[in-house]
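The values are calculated or read from the model by the stated rules, or taken from the named source; none is laboratory data. Predicted model only: the values in this text are computed from it and were never measured. All accessible areas refer to the heavy atoms of the entire protein, side chains included, with ligands and DNA or RNA removed. Shrake-Rupley method; radii C 1.70, N 1.55, O 1.52, S 1.80 Å.
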Amino acid sequence: MFFVKTVESLALNQYFHIGYRVGLQVRSAVTYLVYRKAFLLSAKGRQDFKLGELVSLMSVDAQRLCGTAPFVHQFWSAPIQLIVSIILLYGTVGVSVFAGVLLMVVLIPVNAKISKIQGGLNREIMKLKDQRSNKMDEVLQGIRIIKYFAWERSFRTGVSGVRNQEMELIWKNSMWGIVSSFLWAGTPMLVTLITFLVYTLLGQELKPNIAFTALALFNVMRFPMSFLPMIINMLIESRVALQRLAKFLLAEEIDLSYYANSSSQDSSASADGVEMVRCFGSGPQIRIVQGEFSWAKVTT
């Protein structure tokens, strides 16, 4: 038993060590992609994505992906642990285990509804975070004008209004998270009580060897069921972060064909960074044939 627990502890620590290293690498990669994309945005792209949104992408969204990486494998391993525990419990207490399984099945739609609500709240929270970051950027950019005309109170009211809305949604999201955690954390105890109750109602004698074996198996179920609400919440937040990153990375870019080194496979990989020079041939410097001009591409 001591050897098995030692191996389990070493394996878990090695797993989380690798997971956190992968998370840090994901955060670094996302920060690099956002930073590089910011230099390639066209005029239309700069209008759609302000500085505050870029800061949120590199800080909040990248950190959420970083925090999800160590626990992503729990999403598929936790159900396997539950299924194996249920099979072993069936061999111990018989059909009585299905009474507890029925309770778990009933709670699945409830938790799915809560997860859907949290996903919507997370999207709204990120929108408000972007608005607040943009307002703060405006304040910092125009701090001299604001101080000169004594506009501190009006700008503070604007930032505080967005922040209060954000805090209200964060509070709602936290309340729904507490409800989800309570349901998942209380389920093992309820499953145990219902299983033993049905077992005795069926006329079976609850002997110590059966009770302690069943309790040990229920304790095995407690670990994945306590992690599931946190994992589901992390996956919801990561899904929102990936959608925001995908929208930004697919934003309109400048036309690199107008630059001398745009034909290189990866000009950004050089040690000197991205350096683009305008192309000037030996012929006429300016020649326009059937030209169309606009600040941004017109979408049809």
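Summary of computed values
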| quantity | calculated |
| --- | --- |
| Within straight-line cross-link reach of LYS113, aspartates and glutamates at Cα separation under 18 Å, skipping those fewer than 8 residues along the same chain | GLU124, GLU237 |
| Residue-normalised accessible area of segment 128-201, expressed per residue, 1.4 Å probe, Å² | 68 Å² |
| Residues of segment 7-127: accessible area per residue with a 1.4 Å probe, Å² | 54 Å² |
| Carbon plus sulfur fraction of accessible area for segment 8-61, probe 1.4 Å, in percent | 65 percent |
| Spatially proximal aspartates and glutamates relative to LYS135 (Cα-Cα < 14 Å; intrachain offsets below 8 disregarded) | GLU53, GLU152, GLU166 |
| Carbon and sulfur %, accessible surface of segment 89-214 computed with the full protein complex present, 1.4 Å | 67 percent |
